Every structure is written in C-alpha cells, then in structure tokens.
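Throughout, read-outs are computed from the coordinates displayed, never taken from laboratory work. Everything quoted here is computed from the prediction, not taken from an experiment. For neighbour counting, all protein chains shown are included, and Cβ atoms are generated from backbone atoms with ideal geometry for every residue, glycine included.
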C-alpha cells in the first residue's frame with residue numbers, strides 16, 4: 001500500500017502571518033521588533049505544546065556535524081560534504097532541461113537576473129530533493145542554530161542568467177521572516193567570480209552597517225555595507241556541490257550580480273514553528289516519503 005503524504009497541519013497557519021505583517025509593518029510603519037514579537041508570541045501561545053516539544057528535542061541532540069558559529073551566522077561547506085549531493089545535482093539539472101523545453105521559460109517573478117525553475121509546493125513532486133533537505137546532518141545543524149526542531153519552510157531551484165544589473169536582491173540586504181533563520185545554498189554548477197556567486201558578510205560584520213537599513217528593509221550599496229575598512233565578504237565560489245549554511249536575517253547578503261555566465265543554485269530555508277511570517281517561497285505540501293524518518297525529520301515537514 002502506498003504511503004500517504006505527510007500533510008501540513010493547519011494549527012499555526014490559522015493565525016495571521018505575511019498579510020498582517022505587511023499591514024502592520026510596511027503600511028502602518030509599526031516597529032518591526034514590535035510586529036514580529038506580537039506575531040511570534042501569538043503563534044507560540046496557540047501552539048505552546050508543539051513549540052516546547054521542538055525546543056526540548058533540539059536541546060537533547062548531540063553536537064551536530066555542521067555547527068554554525070553563532071557570532072558569524074554562516075558556515076561554508078565543500079563539495080561532497082552533504083550526503084546525497086550527486087543525486088541532487090542530477091535531478092536539478094534534469095528539472096532545468098525540462099523547464100527550458102516549456103514555452104513559459106520559467107520566469108514567474110519577471111526578474112531578468114533570477115529565474116525560478118521550481119519553488120514552494122512544486123517540491124511536492126520531488127521526494128528525493130525533500131529527503132536530501134531533511135537529511136539528519138542538515139536538520140541537526142538547523143535545530144542547533146535555531147534552538148528548536150525546525151520547519152522546512154521554503155525551497156527554490158534558481159537559474160541565474162548573464163546580466164549587468166545591480167538592483168533588488170543584487171544589493172546588500174537582510175531577510176525578514178524572523179530575527180533568526182537558516183538558509184542552505186547549494187551550488188549546482190561550478191561557480192567562480194564570473195557567475196554572480198552568493199555573497200555575504202558574517203553576522204558580526206553585518207551588525208553595524210545593517211543599522212543603516214530602515215527597520216531591516218531596503219538595500220545598501222557596497223560602500224555602505226563594507227565600510228571604510230573594506231570588510232572582506234564571503235563568496236560561495238567552488239565546484240558543484242559546495243555551498244553554505246547562512247542566517248540571511250543576520251548576515252547582509254546579495255547574489256546574482258554581474259553574471260557573465262549562468263549559475264544554478266538550490267536554496268532551502270528553515271524557520272522556527274513560531275516564526276512571525278512565512279517564507280517567500282513557502283512549501284506547504286510535501287511528497288509521500290518512504291518509512292525511515294525519525295522524529296526530527298518528521299517535524300521538519302510538519303506544522304504540528
């Protein structure tokens with residue numbers, strides 16, 4: 001008998017999220033800290049038992065294989081260090097070929113510098129990719145950093161073509177789903193300086209220039225982000241399969257700037273259950289997965 005898909009439970013999603021945050025923060029201009037604290041507090045109260053369960057499970061875990069330094073909020077990894085990388089590379093390249101064959105040319109966001117191959121609920125048809133994202137070394141790293149068994153909140157496969165622009169997410173910025181989150185970036189092609197690599201500053205070097213952002217919103221140019229001292233950024237340059245764990249809420253970052261050659265990257269995001277809002281490429285449906293998941297992995301693909 002085929003195993004049923006693990007379905008997202010609706011409890012935390014019945015509470016306000018992105019829409020209310022947009023109203024309170026972006027339109028009414030209430031302080032971000034106030035809005036996030038209120039929304040996160042409401043979700044925590046509504047799902048108190050589950051929040052405590054996730055925190056206790058994270059506290060019981062041994063030291064992970066990949067431990068993100070709290071002061072830095074970023075940990076690069078070399079090609080081949082994540083389990084199952086070769087299969088992921090093969091699947092993602094096939095998905096790109098299939099997307100290129102379709103007439104819509106995979107660009108729903110209408111951004112010339114960032115094309116979406118698949119994102120969000122599209123991953124419901126990709127069990128191998130989801131299993132890779134919730135492999136124990138990855139989820140343990142997220143749990144340790146976030147202090148709770150995390151939720152696999154979002155995922156996207158992006159193709160970045162040659163471009164000469166420097167706009168939007170090609171400029172230094174922070175993500176705002178929570179005050180702390182974790183994204184995993186996996187290069188699916190060999191990446192060098194000519195391919196607009198993902199670039200970030202560690203959290204400790206981001207704190208001062210980030211104050212120039214308006215409540216965490218907006219963009220900074222290189223001069224403002226790097227400062228007079230010329231802080232040296234981290235660039236995800238390396239062979240296919242290399243990448244990094246990055247807290248994009250604390251580490252100033254940009255990507256896909258000035259590509260001379262194309263780049264393919266898989267990115268997926270972990271949030272706390274009680275995060276104030278959802279991922280911009282939210283995953284709400286997951287594929288049927290065969291038996292073998294432990295509690296930490298099951299919680300990663302459940303809102304319960």
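Calculated over region 157-281, the projected area of the Cα convex hull averaged across directions stands at 7.4 nm².
Taking the Kirkwood radius as Rh and the Cα radius of gyration as Rg, region 48-177 has a ratio of Rg/Rh equal to 1.01.
Report the Cα centroid-to-centroid distance between region 274-289 and region 178-193 in angstrom, as an integer. Computed from Cα coordinates, the inter-centre distance equals 18 Å. Per residue, the convex hull spanned by the alpha carbons of region 12-300 comes to 132 Å³.
Using the average count of surrounding beta-carbon atoms within 10 Å as a protection proxy, the listed peptides 172-184, 231-243 rank, highest first, as 172-184, 231-243.
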